[in-house]
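This report refers to the structure that appears directly beneath it.
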Amino acid sequence: MRVGISRRALLQGGAAVAAGGALHRVGFAAVGAQPLEEVGYGQVTLTSTPHLAQIENVRTVLMGLSDDSLLMPFRKMVGQDAPGEDIGGWYQYRADYDYRKEDAGLAPSATFGQWVSALSRMYAITGDPALRERAVHLNQLYSQTIATEYFAKNRFPAYCFDKLVCGLMDAHRLAGDEEALAILERTRKAALPELPGHAVDREVIWRNGKDVSWTWDESYTLPENLYLVSAQMGAERGEYREMAKRYMDDATYFDPLARGENVLGGKHAYSYVNALCSAMQAYMVGGSEKHLQAAKNGFDMLLAQSFATGGWGPDEMLQAPDSGKVFASLATSHNSFETPCGSYAHMKLTRYLLRCTREGRYGDSMERVMYNTVLGAMPLQQDGHAFYYSDYHSRPSSSGVAGSGGERVYSVHRWPCCSGTLPQVVADYWINGYFHEPGAVSVNLYLSSTLRWAEGEAKIEMEQEGTYPESPEIRLRMKTSQPALFGLKLRIPAWADAASLEVNGSPVPMTVRSGFATVQRRWRTGDTVKLELPMKPRIEILDEAHPETVAVMFGPRVLFALASGPVVARRAQALAVQQDKEGQWILESTNGPVKMVPFTSVGDRKYLTYLQLGS
């Protein structure tokens with residue numbers, strides 16, 4: 001007997017059953033229209049407390065690092081004097097680095113471009129001139145170190161080049177760095193002799209005489225930012241677009257994915273999911289329908305092996321279908337999901353897919369990952385300790401040894417890759433919530449915020465209020481310089497069967513198309529929309545082969561049991577979980593009451609992501 005639903009079945013969502021008489025769901029939007037427009041970072045004022053806490057944390061860390069420390073690996077690698085403090089960890093350069101003995105010095109300077117990107121994004125959000133000055137100044141200092149020698153000594157020439165492209169591109173477009181594109185072109189010419197010339201899969205040897213650590217580069221992720229910068233530069237710099245095409249990983253990845261062949265098994269999780277963003281830019285900038293199909297198919301294949309949190313890739317590996325390895329990881333691994341890196345790739349990919357397909361299921365997935373993974377990440381530390389893995393360890397091992405549950409802990413690595421992506425994914429909260437198209441605005445994430453945009457000659461502010469997902473009610477209030485006709489599109493999650501809508505206190509019948517309900521009217525100052533997304537407990541199975549292993553869900557969030565040993569409950573008990581006055585949920589399991597909390601409230605307590613259904 002089926003006792004739950006899988007993430008894939010939930011998120012595909014095209015045939016949801018109508019509920020409550022007022023909610024009707026009909027087919028998907030056709031692909032082919034112009035993608036929805038991203039709103040600018042500065043068009044949104046976000047007031048959600050946990051989101052603001054994260055951006056303040058990463059801002060403080062990035063602004064507190066010295067220029068000399070950030071430039072030290074560049075200077076050392078090109079033979080310049082390198083004064084200042086070595087911040088260590090992965091970021092430092094060591095000519096004698098040996099991956100078999102330690103990882104300090106694994107990826108020298110790799111996060112520099114990501115940090116410049118994040119500073120530029122945060123400047124666009126806040127307008128704080130100190131952020132712009134820092135980004136521009138770092139680029140100027142970096143420009144004094146550009147040399148092919150840097151890439152020759154680097155285990156990750158493509159990876160580091162990609163991050164530098166992103167940082168310089170964002171500094172130009174968001175922080176107004178007038179020299180950034182010239183610095184980028186010098187960087188490209190310096191990097192070219194030490195790049196493979198085409199996409200090389202991870203673990204494939206392309207540099208003779210080097211050990212295996214020199215095969216961990218990720219040239220197959222290059223096209224995303226190369227396509228983006230080619231669009232930013234215009235047709236006169238077509239070499240960036242041509243370079244993007246050369247690094248598309250078609251033969252072993254995108255071509256089979258486009259045909260529907262699942263080739264994810266054995267792939268490095270973060271980088272190959274991130275590569276799907278390159279496929280999306282090959283469509284959005286280059287017009288390749290094949291790559292759009294590859295990204296859509298790849299995403300669905302990813303859902304089929306995802307945890308209830310939306311996370312994926314235990315021990316940083318994607319798994320073959322029906323291998324049982326995702327389930328096995330619950331007993332064998334505490335490295336379940338590479339959280340800041342994975343969430344950054346996932347939220348970019350779902351943003352691109354939502355913009356191109358207009359399907360709300362991608363927003364559902366983005367929301368799930370945000371609340372259950374990265375929003376609960378521990379703060380980045382000034383000494384480089386970062387939150388790296390979410391831990392879903394939830395069951396005894398095959399030898400009968402009791403499971404120890406999961407924990408939120410800092411990585412043993414200092415300045416790992418996740419210290420680069422965390423500032424970027426945090427800044428992107430500001431552009432993930434809303435999208436625009438001529439005559440309509442879409443609300444994707446329900447966060448306390450204000451959006452400002454123009455509709456024709458009308459200047460509009462839309463304020464969003466509420467404590468969602470703590471409560472089901474969202475309110476939107478309009479302020480317009482003059483009456484404005486446009487459609488307000490509200491994402492209705494697939495789990496919200498009994499959603500309801502009011503405008504100025506009057507109920508409005510809802511038709512949900514591709515996961516969005518649209519209110520079309522001439523809006524005036526003072527108009528108020530009330531959206532209710534009722535939540536009730538539900539369970540999701542890990543996979544079809546293990547229907548007894550389930551997560552308890554409430555709205556977009558997983559409820560984590562505060563326990564270190566196995567928790568067994570009957571189906572009726574799992575669906576009867578209730579919230580107490582302190583905001584904790586109580587599950588009456590077969591061996592007594594168990595407290596449950598969302599990931600953002602776990603703190604330093606042991607927890608279980610999955611429980612076992614018993615009879």
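Please treat every number below as a calculation from the coordinates, not as lab data. Treat the numbers as computed from the prediction; the structure is a model and nothing was measured. With ideal geometry, Cβ positions are generated from the backbone for all residues, glycine too; neighbour counts draw on all protein chains shown.
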Exercise for the section: Would you mind checking region 124-155 for residues with the amide N under 15 Å from a putative spin-label position 7 Å along Cα→C-beta of residue 213? Expected result: 153-155
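Would you compute, from DSSP H runs of 4+ residues alone, the mean residue ellipticity of the chain at 222 nm, taking -39500 (n - 2.57) per run and dividing by the full residue count, rounded to the nearest 500?
Calculated mean residue ellipticity at 222 nm is -10500 deg cm²/dmol.
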Handout entry: Label-point separation, residue 601 to residue 450 (7 Å along Cα→Cβ), nm
Key = 3.0
Exercise for the section: Would you calculate the separation in nanometres between label points at residue 615 and residue 47, each defined as 7 Å from the Cα along the Cα-to-beta-carbon direction? Expected result: 5.5
Problem - Using distinct alpha-carbon pairs, which all enter the 1/r mean, Kirkwood radius of region 500-579 in Å - result: 16.1
Problem - Rounded FRET efficiency, nearest 0.05, which uses the C-beta distance separating residue 198 from residue 545 and R0 of 45 Å - result: 0.70
Exercise for the section: Give the residue from 166, 363, 387 lying farthest towards the positive end of the charge dipole for the chain; charges sit on Cβ (+1 for Lys and Arg, -1 for Asp and Glu) and the dipole is referred to the Cα centre. Expected result: 363
Practice task
Measure out, as a whole number of angstrom, how far apart the alpha-carbon centroids of region 98-148 and region 288-340 sit.
Solution key: 30
Handout entry: Set of aspartates and glutamates with alpha-carbon distance to residue 210 below 12 Å, sequence-local pairs under 8 removed
Key = 98
Handout entry: Set of region 294-311 residues, backbone N closer than 11 Å to the point 7 Å along the Cα-Cβ line of residue 404
Key = none
Completion exercise
Expected sort for 90-103, 164-177 on mean C-beta neighbours within 10 Å, highest first, is 164-177, 90-103
Exercise for the section: Could you tell me the distance between the Cα centroids of region 439-470 and region 522-539, to the nearest Å? Expected result: 12
Practice task
Can you tell me the order of 348-359, 573-584, 487-498, 143-154 when each peptide is scored by its average per-residue count of other Cβ atoms within 10 angstrom, highest first?
Solution key: 348-359, 487-498, 143-154, 573-584
Problem - Per-selection Kirkwood Rh - region 109-148 (Cα, Å, 1 d.p.) - result: 10.5
Fill in the blank from the handout: Two pseudo-spin positions, 7 Å from Cα along C-beta at residue 459 and at residue 149, lie apart in nanometres by 5.4
Practice task
Taking a cut-off of 24 Å between Cα atoms, list the lysines near residue 245, but don't count ones fewer than 8 places away on the same chain.
Solution key: 163, 189, 267, 290, 296, 348
Practice task
Percent of Cα-Cα pairs per 10 Å bin, from 0 to the last occupied bin, for the chain, please list those.
Solution key: 3, 16, 27, 27, 18, 7, 1, 0
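Using DSSP H assignments, which helices in the chain have an axial alpha-carbon span of 20 Å or above and a mean Kyte-Doolittle hydropathy of 0.5 or higher? Mind dumping the intermediate values first?
Working: long enough: 49-64 (22 Å, 0.16); 112-126 (21 Å, 0.53); 129-143 (21 Å, -0.48); 157-175 (25 Å, 0.46); 269-284 (23 Å, 0.56); 289-303 (21 Å, -0.38); 339-357 (26 Å, -0.18).
Answer set is 112-126, 269-284.
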Exercise for the section: Report the equivalent ellipsoid semi-axes for region 537-613 in whole Å, largest first, defined as the square roots of five times the eigenvalues of the gyration tensor built from alpha carbon atoms. Expected result: 18, 13, 13
Handout entry: Computed E for residue 518/residue 67 - FRET, C-beta separation, R0 45 angstrom, nearest 0.05
Key = 0.35
Practice task
Work out, step by step, the length gained on full extension between residue 86 and residue 237: first 0.36 nm times the residue separation, then minus their alpha carbon distance; give nm to one decimal.
Solution key: 50.6 nm
Practice task
Would you calculate the volume per residue, in Å³, of the smallest convex hull containing every Cα atom of region 205-293?
Solution key: 100
Exercise for the section: For the chain, build the charge dipole from Cβ charges (+1 Lys, Arg; -1 Asp, Glu) around the Cα centre, then report which of 223, 136, 265 sits farthest towards its positive end. Expected result: 265
Completion exercise
With x for Gly and Pro, the residue-by-residue ³J(HN,Hα) of region 377-390, computed from phi through the Karplus equation 6.51 cos²θ - 1.76 cosθ + 1.60 at θ = phi - 60° and given in whole Hz, is 5, 6, x, 5, 9, 5, 8, x, 6, 9, 7, 10, 10, 7
